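For reference, the structure discussed in these notes is given below.
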Amino acid sequence: MQAAVVGAGITGITTAYYLARAGYSVTIYDERKYPAMATSYANGGQLSASNAEVWNSWRSVYKGIKWLSKKDAPLKINPWPSIDKYSWFFKFIKEIPNADTNTQRTCEMALEAHNLYKKIAFEEDIQFDKVEKGILHIYTNEAEYENAKRVNEVYAKAGLNRWEVSADECIKIEPALVRPPKLLGGMYNDTDFTGDIHKFCVELLKVLQRKYDVKMRQIKIRNLKSDLHEHQGPVVVCAGVESKMLASTIGDNLPIYPVKGYSITIHDPKVAPWTSLLDDEAKIVTSRLGKDRLRIAGTAEFNGYNTDIIQTRIKPLINWAEKMFPGINTENITPWAGLRPMMPNMMPVVNRSRNSKRIYYNTGHGHLGWTLSAYTAQSIVEQIRGKND
Ligand SMILES: Cc1cc2nc3c(=O)[nH]c(=O)nc-3n(C[C@H](O)[C@H](O)[C@H](O)COP(=O)(O)OP(=O)(O)OC[C@H]3O[C@@H](n4cnc5c(N)ncnc54)[C@H](O)[C@@H]3O)c2cc1C
């Protein structure tokens, strides 16, 4: 049995893994020579069921409007008219009534994925700088803190225990953190974890090529029908922000928008947190990737497909690190920018094409592709097996 996967990011590599385990001979097509060189390269590192809350809310809409004129705001929208962008916003607003249901489902998928990642890492002996110290969300805004308490109830229905901690307890959980003046408190869970997504993909692909019948070919697929017509068996599209264009070649409409984000990797940080943090007001996350690296990521920019690294977006991440962890060594930093493949309802697309019996999608994971992929990959392969075996 043959199968093809388009894209060698986290969604593609995990899909290839479950296809190979199900006995398929798999070819991964990627336009890049090496795996995980696009969005799965230097993200925030969090495997975070506790960040499953979808962004569809009137609070996000008002904040977005308020931040429009602020240069270093966590959210930036290029107001230049674009049909794709404005129809995406329209669909985003239409999904607000479904926010809690979608948050609960995302949290359930994330918890399933946690177990699957641990199983893969154990069975295939994958090292990816995993740190299991939970995630601490910190709050300086009263309304957001109140909302977080409400969201805890939604998470509880999904099976996640995230609890409230005082400002003093936040510092006890993460002693490297200097108490921000307006810190109200935090939300903590000890089951989320962090790790290097790029390392995981690279190491898992090595295992796939060594132990299973999987190969990777460097080809840019431009048309799902004509470029893959000689290929037998199912094709799974895992092409991140390019999935929309590929889907359109067979008449499918995937309203994925590229939401740009930035990260810095601080090498040899000296003073740095081990517990993963999420600063709710700044929308910044941190992950310790072993003792020598700290990853800090954030910002959401609606500005098309460009991945330019803009200094005015990098500087706030460095300033934030220096403010939160005095004494941190920021001498050696690697900046990066990537595009989150974001659906307007923030839910991944994990289903078969409407227009082709052998084309499937596992894509559109937005800000949670690392968190969710092991689960969605397993699900799409179950769908394929149900239909093809
Ligand atoms: C700043 C930032 C921080 C983030 N932090 C987190 C986090 O902490 N936790 C979390 O869970 N998620 C996080 N994310 C989101 C996560 O990184 C993404 O959801 C995930 O990496 C997307 O993976 P993917 O496989 O869908 O896409 P990609 O990694 O982009 O992979 C797609 C692949 O398809 C290939 N491709 C595309 N088009 C074609 C074509 N036509 N032919 C052949 N190959 C093609 C590309 O070369 C690429 O290798 C973050 C994202 C950003 C930007």
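No value in this document is a laboratory result; all are computed from the given coordinates. Please read all numbers here as calculations on a predicted model, not as lab measurements. FYI the Cβ positions are ideal-geometry reconstructions off the backbone, even for glycines, and counts take in every protein chain you see.
Answer with one residue from Leu254, Gln209, Asn223: the one whose Cα lies farthest towards the positive end of the charge dipole of segment 175-300, charges on Cβ with Lys, Arg +1 and Asp, Glu -1.
Selected residue: Gln209.
Can you give me the Cα centroid spacing of segment 150-200 and segment 314-363 in angstrom?
20
Once you have the Kirkwood Rh of the chain from its Cα pairs, apply Stokes-Einstein at 25 °C and 0.890 mPa s and quote D in µm²/s.
Values: Rh = 21.2 Å.
For these conditions, the coefficient is 116 µm²/s.
Hey, any idea what the orientation-averaged projected area of the convex hull of segment 80-239's Cα atoms comes to, in nm²?
Numbers: hull surface 59.4 nm².
Spelled out: convex hull of the Cα atoms, projected over all directions, averaged, 14.9 nm².
What does the net charge come to around Glu142 if you take all other residues with beta carbon closer than 15 Å to its beta carbon, with K and R at +1 and D and E at -1? Please report the intermediate quantities before stating the final value.
Working: positive: Arg59, Lys63, Lys149, Arg150, Lys182; negative: Glu144, Glu146, Glu164, Asp280, Glu281.
Result for the local shell: 0.
Separation between the Gln383 and Lys357 pseudo-spin-labels, each 7 Å from Cα along Cα→Cβ, expressed in nm?
For the pair Gln383/Lys357, the computed spacing is 1.7 nm.
Using 1/(1 + (r/R0)^6) with R0 = 22 angstrom and r between the beta carbons of Asn253 and Tyr305, what's the FRET efficiency to the nearest 0.05?
On the way: r = 18 Å, r/R0 = 0.81.
Between Asn253 and Tyr305 the formula returns 0.80.
Taking 25 Å as R0, compute the FRET efficiency from the Cβ-Cβ separation of Lys66 and Trp163 and round it to 0.05.
Numbers: r = 30 Å, r/R0 = 1.20.
The pair Lys66/Trp163 has a calculated efficiency of 0.25.
Consider just the alpha-carbon atoms of segment 190-331 and return their Rg together with their Dmax, both in angstrom.
That works out to 19.6, 59 Å for Rg and Dmax.
So which of Lys33/Lys323; Lys119/Lys149; Lys33/Lys260 end up more than 28 Å apart, counting from Cα to Cα? Numbers along the way, then the final one.
Numbers: Lys33/Lys323 39 Å; Lys119/Lys149 31 Å; Lys33/Lys260 23 Å.
Distance filter (> 28 Å) returns Lys33/Lys323; Lys119/Lys149.
Is segment 203-285 best put as rounded, prolate or oblate by its Cα gyration tensor, with a ≥ b ≥ c the root eigenvalues, rounded for a/c under 1.5, and otherwise prolate when a/b is larger than b/c, oblate when not?
Values: a/c = 3.49, a/b = 1.63, b/c = 2.15.
Here segment 203-285 falls in the oblate category.
With just the Cα atoms defining each centre, how far is segment 39-60 from segment 67-104? Give it in Å.
Rounded to whole Å, the Cα centres lie 14 Å apart.
Positive end of the charge dipole of the chain (Lys, Arg +1 and Asp, Glu -1 on Cβ, about the Cα centre): tell me which of Gly23, Leu111, Gly195 has its Cα farthest that way.
Highest projection toward the positive end goes to Gly23.
What aspartates and glutamates could a cross-link reach from Lys118, if we take a straight Cα to Cα line under 20 Å and drop same-chain neighbours fewer than 8 places away?
Those aspartates and glutamates meeting the cut-off are Glu108, Asp129, Glu132, Asp190, Asp192, Asp196, Glu203, Glu382.
Kindly point out which whole DSSP H helices in the chain project their C-alpha atoms 18 angstrom or further along the helix axis while averaging a Kyte-Doolittle hydropathy of 0.0 or above.
Helices meeting the criterion: 197-211.
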